[in-house]
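Each remark here refers to the structure printed beneath this line.
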Amino acid sequence: MAKEAPVLEAIDQTAPASHSSGPGVVYEWLTTVDHKKIGIMYIVYALIFLVLAGAQALLMRIQLAVPNNHFVTPQVFNRLFTMHGSTMVFFVGIPILFGFGNYLIPLMIGARDMAFPRLNAFSFWISAFGGILLYLSYFAGSGLYGAGSAPDVGWFAYAPLTAKVFSPGHSTDYWTLSILMSGIGTTGTAINIVATVICMRCKGMTMTRMPLLVWLLLVTSCMVFVAVSPLTAAQIMLTLDRYLGSHFFDTQAGGSAVLWMHFFWIFGHPEVYILVLPAFAFINEIVPVFSRKAIFGYSAMVAASVGIGFISLSVWAHHMFTVGMGPAGNTFFVFATMVVSVPTGIKMFNWLATIWGGRVRFRTPMMFAIGFLFQFLMAGLTGIMLSAAPFDWQLSASYFVVAHFHYVLVGGILFALFAAFYYWYPKITGRMMSETLGKWHFWLFIIGFHLTFDFMHIPGLLGMPRRIYTYEAGRGWEYWNLIVGIGAMVQAIGTLIFVYNLVHSYFRGKIAGPDPWDAWTLEWSTASPPPSYNFAVEPNVGSRRPLWDLKHPEDPDSSYE
Amino acid sequence: MMQTPVTVPVSVNSEAPWVLPNRGIVGMWCLIAAEAAIFLIFVVAYIYYLGKSLTGPLPAQILELPIVGTICLLSSSLTVHEAVSALRKGKVQRCTVALAVTVLLGAAFLWTTAAEWHHLIYEEGFTIRTNLFGTTYYSLVGLHASHVVVGLIFLTVTFLFSVSGRLGEMHAERLEVLSLYWHFVDAVWVVVFLVVYVLGR
């Protein structure tokens, strides 16, 4: 801890990050190709959509809190769950993770920018316009009062509901086109990340010395090529069906609705891993720094990530056990799904072994990281339950499934994201987030989370199907739904505190300095916020923890690796 | 002494020359991977729907082997390769000629596809709406043709640069990136040809 001096000394003090003011600022942000600014735009844009989609979730929970409720109309309810799911996956999950990736990867590998800065800006803006297009649907057709032409086909948009006959008007087109745009942006950014990681590393930053975050985003980006492209292809087919009268998913002309399911889930399941690997990546950086130990089993972590990448491409049809694929198909996908838990288990043990015997500092990022470890394990366990085909036949499309995947997405990914916010906020803004507010946020959110999603499993086991607009009293579902609704409100309050903390700390937070956490990766070796060229002198690294080497020249890592 | 942040005691091997791959080439390979996945889905749909059309016509009744187009497209791969290797040796004029031939061969391929579609649509009355065969045929071949169009645009622009003397040896690597894309488009045609015109018939 005592040795922060070398880092401070090392920074190019002549050129701190400068901010122009006035109308020039808007122009600067609109035209920027700087990976840090684009990263911030990705994150802010995703946060706005997070709040929107969170509000939609609240409306749904209010509707379901008591039986026979008519808070919203059935049509509006359908639109709510469609928009909630699509927004969270395509316009919150992917952009926020890519935002952090964009911001951190060049800094972590000692580069001055991404490989293709202009492609980076293009990818961001096309994704952003995709999200805006999706929400413009609220103003189309009958306008806001009737929720406009917002899509109502569910986030996986099964055929033949999406056919022109069954979904007239343009609501489905808004969905298709915005997802298509998001897919193009995602692919563009993924190309950029792979090229950056392979071609832009600073001297000495060999593949085996890269921070694990960089490794995991590399794996994620490779998965994007093979997983997002099928979705893009399927959206092209759907658009052809709707506009040119082709018959890909037109069951009347011999087309197959099941083919859409396959194409969608070939994207849809790897997508879960595309979202969760960056979450793992954050945990990989945060856990060692707050346990004051190097990560346990670096190469096992890399191998497990690559393993997850490959295996996750062969598990998609576990979303389709109820379709009737026959024993051979079912067996294969049951087996493949269970196998994914092996590399995931390796990661879990490595994190625990990293914490084990460390001097753990319970700051807000670490608390969220520990919440992640616990909840992700639980989510994995219900996942293994659902991977058994007969169990899935019973519970498919019930609230048990909804509870399971929200455990992954909220309990796992969102917790990791919150940890990442508290951890890297000082680097991005130059100021610390408030610890007090952070603790309030953590405790409210974790209580709200468990109220909501622990108890959501139960109505599922009792047979409550997902996507129902309302239900009769006396089925034993009402109390559980009420608790779930209350939990959602608690989570909302926690999130409001978080947003307040983000804004408040930007103006009033304690000045962070370059390395507030006494961390070891390269991004902490430059000023906070970093100057536009990142590093005054190109770094030259000799180990996985270049800043450790710098702070402890008497005992550098490079003499052990 | 001003110490740079990460000038740390380094091990011996990082003193070795530090050479990383060209980012354009890596980026293009990534794009090819993504595009290949898109084509794969369309090919899967084509094969899955083979023989599942509820009404005629069948592929065997109306499709003819596009031999001329195939020869043109495949040989354009050779000429674009020639363009790259000429530019690498600094022979700009040779490169210009090779680019011109590539553009002509690509355009000839497109013309044969256009002629085939014209024949099918106006003489056979066979469209994307006719049956599943029409759906998958036009979308797969059309997807490929649209990639040929994109490649031709880039090649034409490069050719124009080259004619106006703005292309030099230093651009060899960039032209190689473009040639990679063009080789990919050709390779996809081999698959499309086998699936649509050989297996499909």
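The values are calculated or read from the model by the stated rules, or taken from the named source; none is laboratory data. Small disclaimer: the values here were computed from a predicted structure and weren't measured. Backbone-built Cβ (ideal geometry, glycine too); neighbour counts: all protein chains shown.
I need the full set of residues from segment B:45-63 which are in contact (Cβ under 8 Å) with a residue 60 or more places away in the chain, assigned to a loop (DSSP other than H, G, I, E, B) and under 17 Å from B:VAL198 (Cα atoms), in order please.
If the condition is that a residue be in contact (Cβ under 8 Å) with a residue 60 or more places away in the chain, assigned to a loop (DSSP other than H, G, I, E, B) and under 17 Å from B:VAL198 (Cα atoms), then B:TYR49, B:LEU50, B:PRO57, B:LEU58, B:LEU63 are the ones that fit.
Checking the condition under 30 Å from A:MET200 (Cα atoms) and within 10 Å of another protein chain (Cβ to nearest Cβ), which residue from B:LEU54, B:LEU31, B:LEU40 passes?
B:LEU31
Just a yes or no: is a residue in segment A:251-263 buried (at least 23 other Cβ atoms within 10 Å of the Cβ), under 22 Å from the mean Cα position of the chain (by Cα) and modelled with pLDDT of 95 or more?
Taking every residue of segment A:251-263 in turn, at least one turns out to be buried (at least 23 other Cβ atoms within 10 Å of the Cβ), under 22 Å from the mean Cα position of the chain (by Cα) and modelled with pLDDT of 95 or more.
Can you tell me how many residues within segment A:241-259 are within 7 Å of another protein chain (Cβ to nearest Cβ), farther than 26 Å from A:ILE274 by Cβ and in a helix (DSSP H, G or I)?
Total satisfying the criteria: 2.
Could you check segment A:205-227 and list, in sequence order, the residues that are more than 10 Å from every other protein chain (Cβ to nearest Cβ), over 22 Å from the mean Cα position of the chain (by Cα) and touching a residue at least 60 places away in the same chain (Cβ under 8 Å)?
Selection gives A:THR208 alone.
Hey, among A:THR452, A:THR470, A:THR436, which residue is closer than 24 Å to A:LEU80 by Cα, at pLDDT 95 or above and over 19 Å from the mean Cα position of the chain (by Cα)?
The unique qualifying residue is A:THR452.
Restricting to segment A:194-204, and then to whatever is of a type in the set (A, V, I, L, M) and within 18 Å of A:TYR533 (Cα to Cα), can you tell me which residue is farthest from the other protein chains (Cβ to nearest Cβ)?
Selected residue: A:VAL197.
Could you tell me which of the residues A:MET237, A:MET181 is within 9 Å of another protein chain (Cβ to nearest Cβ) and not small (Gly, Ala, Ser)?
A:MET237
Being out of contact with any His (no Cβ under 8 Å at 6 or more places or on another chain) and either in contact (Cβ under 8 Å) with a residue 40 or more places away in the chain or of a type in the set (Asp, Glu) (or both) is the filter here, so list the residues in segment A:228-242 that pass it. Let's see the steps before the verdict.
Going through segment A:228-242, the residues out of contact with any His (no Cβ under 8 Å at 6 or more places or on another chain) turn out to be A:228-240, A:242.
The answer is A:VAL228, A:SER229, A:LEU231, A:THR232, A:GLN235, A:ILE236, A:LEU238, A:THR239, A:ARG242.
Consider segment A:63-108. How many of its residues are part of a helix (DSSP H, G or I), of a type in the set (S, T, N, Q) and surrounded by fewer than 21 Cβ atoms within 10 Å (Cβ to Cβ)?
Count: 2.
Looking only at segment A:329-345, how many residues end up being surrounded by fewer than 18 Cβ atoms within 10 Å (Cβ to Cβ) and under 19 Å from A:PHE296 (Cβ atoms)?
Taking segment A:329-345 first, the residues surrounded by fewer than 18 Cβ atoms within 10 Å (Cβ to Cβ) are A:329, A:331-332, A:335, A:338-339, A:341-342, A:345.
From what's left, under 19 Å from A:PHE296 (Cβ atoms): A:342, A:345.
Residues in segment A:329-345 being surrounded by fewer than 18 Cβ atoms within 10 Å (Cβ to Cβ) and under 19 Å from A:PHE296 (Cβ atoms): 2 in total.
Residues of segment A:493-520 being aliphatic (A, V, I, L, M) and not in a loop (DSSP other than H, G, I, E, B), which ones?
A:ILE493, A:LEU496, A:ILE497, A:VAL499, A:LEU502, A:VAL503, A:ILE511
Please state which one of A:GLU554, A:GLU523, A:GLU561, A:GLU538 is out of contact with any His (no Cβ under 7 Å at 6 or more places or on another chain) and part of a helix (DSSP H, G or I).
So the residue among A:GLU554, A:GLU523, A:GLU561, A:GLU538 that is out of contact with any His (no Cβ under 7 Å at 6 or more places or on another chain) and part of a helix (DSSP H, G or I) is A:GLU523.
Starting from segment A:159-170, keep only residues that are closer than 14 Å to A:SER137 by Cβ, then list their pairs with residues that are surrounded by 12 or more Cβ atoms within 10 Å (Cβ to Cβ) and modelled with pLDDT of 90 or more whose Cβ atoms are within a distance under 7 Å, requiring at least 6 positions of separation or different chains.
Every condition considered, the pairs that remain are A:SER167/A:VAL153; A:SER167/A:LEU161.
Quickly run through segment A:291-330 and pick out the residues that are over 23 Å from the mean Cα position of the chain (by Cα) and assigned to a loop (DSSP other than H, G, I, E, B).
Matches in segment A:291-330: A:ARG292, A:LYS293, A:ALA294, A:PHE296, A:GLY297, A:MET320, A:GLY324, A:MET325.
With the requirement that a residue be surrounded by 23 or more Cβ atoms within 10 Å (Cβ to Cβ) and of a type in the set (A, V, I, L, M, F, W, C), what does segment A:158-180 give you?
Result: A:ALA159, A:TRP175, A:ILE179.
Filter segment B:90-141 down to residues that are out of contact with any His (no Cβ under 8 Å at 6 or more places or on another chain), within 14 Å of another protein chain (Cβ to nearest Cβ) and of a type in the set (Ser, Thr, Tyr) and give me whichever is surrounded by the fewest Cβ atoms within 10 Å (Cβ to Cβ).
Filtering segment B:90-141 for residues that are out of contact with any His (no Cβ under 8 Å at 6 or more places or on another chain), within 14 Å of another protein chain (Cβ to nearest Cβ) and of a type in the set (Ser, Thr, Tyr), the one surrounded by the fewest Cβ atoms within 10 Å (Cβ to Cβ) comes out as B:THR127.
Which of (1) within 14 Å of chain B (Cβ to nearest Cβ); (2) out of contact with any Cys (no Cβ under 6 Å at 6 or more places or on another chain) does A:PHE166 not meet, given it meets every other one?
(1)
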